[in-house]
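A quick write-up on the structure given underneath.
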Amino acid sequence: MKQAKLVNVLKLLAMKGAVSGHITLSSREFGKDIGISQQSASNWILKLAHEGFIERQLGARRQTIKLSSKGIDILKKEFADYRCIFEAPGKLMIRGKVSSGFGEGRYYITQKGYTKQFKKKLNIEPYEGTLNLKLSPKELRSLELLKNSEGIRIEGFKMGGRTFGEVICFPATVNNVHCAVVFPKRSHYKDVVEVISKVHLRRTLSLKDGDEVELCVML
């Protein structure tokens, strides 16, 4: 299944409402929409369901279709690519509120396997700990864009019988202070951005929980 064709088909289904719920769609109608025969359209639907891009339910006389999380992720990646082209040529602004983490950042940031790479690849020898910014729902699209961008890869490693996972980073500034956004592959955060810097950002910028901060992230 060619990627371009897949994206176009998923986009068509999404525009019919298949993101928020099941839609009724016959093979004949689907075939007409994408310019193929009813039989070919039926095969397309079966293939989309088999490969996990849609959820399909059969009734007595009709079928309903909904995009699966896998199918939605394809469109999110496409959306992120277009935002890179049209909305964020080289940089992305993200707003978030300062929040307290679980203290895990300090432990991971101080591991030599990470700190050596941060210094070499980001020119940052980080302060022990991260600044956590909690994003509002409207900012989550920007977070999705970052997660689908290439970034700077920090290799995972093993030490003391423990495995430390890969981290993806993006150079950034906050109030003209050089920093970097870090995305640990194993992070449990879904609406939080973690930021590292050479300085203690909370103290340097006089920040406290609840303060709003704007990051300028380089893509």
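Read the figures in this text as sums done on the coordinates, not as results from a lab. Every value quoted in this text rests on a predicted model; they were computed, and no experiment measured them. Methodologically, a virtual Cβ is constructed for each residue, glycine included, from the backbone with ideal geometry; neighbour enumeration extends over all protein chains shown.
Build a GNM of the chain with springs between Cα atoms under 10 Å: which of A60, A49, A172 gets the top mean-square fluctuation? Comparing A60, A49, A172 in the GNM, the peak value goes to A60.
If we count other beta carbons within 10 Å of each Cβ, what is the order of S197, S149, fewest first?
Least crowded to most crowded, the residues run S149, S197.
In this label model, Q3 and K158 are separated by 3.2 nm, measuring between points 7 Å along each Cα→Cβ vector. The angle separating the long axis of helix 69-86 from the principal Cα axis of greatest extent in the chain is about 60 degrees.
Near V199: Cβ cut-off under 14 Å, other residues only, Lys/Arg at +1 and Asp/Glu at -1. The net charge is +1. Loop-located trypsin sites (Lys or Arg not before Pro) in the range 166-201 (DSSP state other than H, G, I, E, B) with a sparse environment of at most 12 neighbouring Cβ atoms within 10 Å: K185, R186, K190.
Largest mean-square fluctuation among I152, I23, I94, in a Gaussian network model of the chain whose springs join Cα atoms under 10 Å apart, belongs to I23. In units of the compact-protein estimate 2.2 N^0.38 Å, the range 106-206 shows a Cα radius of gyration of 1.05. Note: the chain, Cα convex hull, 155 Å³ per residue.
How would C169, C179 line up from fewest to most surrounding beta-carbon atoms within 10 angstrom? Intermediate results must be reported in sequence, preceding the final value.
Details: C169 21, C179 26.
Neighbour counts put them in this order, fewest first: C169, C179.
Neighbour counts of other Cβ atoms within 10 Å put K70, K208 in the fewest-to-most order K208, K70. Computed 3J(HN,Hα) for the range 39-54, one whole-Hz value per residue from the Karplus formula 6.51 cos²θ - 1.76 cosθ + 1.60 where θ = phi - 60°, is 5, 5, 5, 4, 5, 4, 4, 4, 5, 4, 5, 4, 8, x, 8, 9, glycine and proline marked x.
Among V195, V181, V167, the residue with the largest mean-square fluctuation in a Gaussian network model of the chain, with springs joining Cα atoms closer than 10 Å, is V167.
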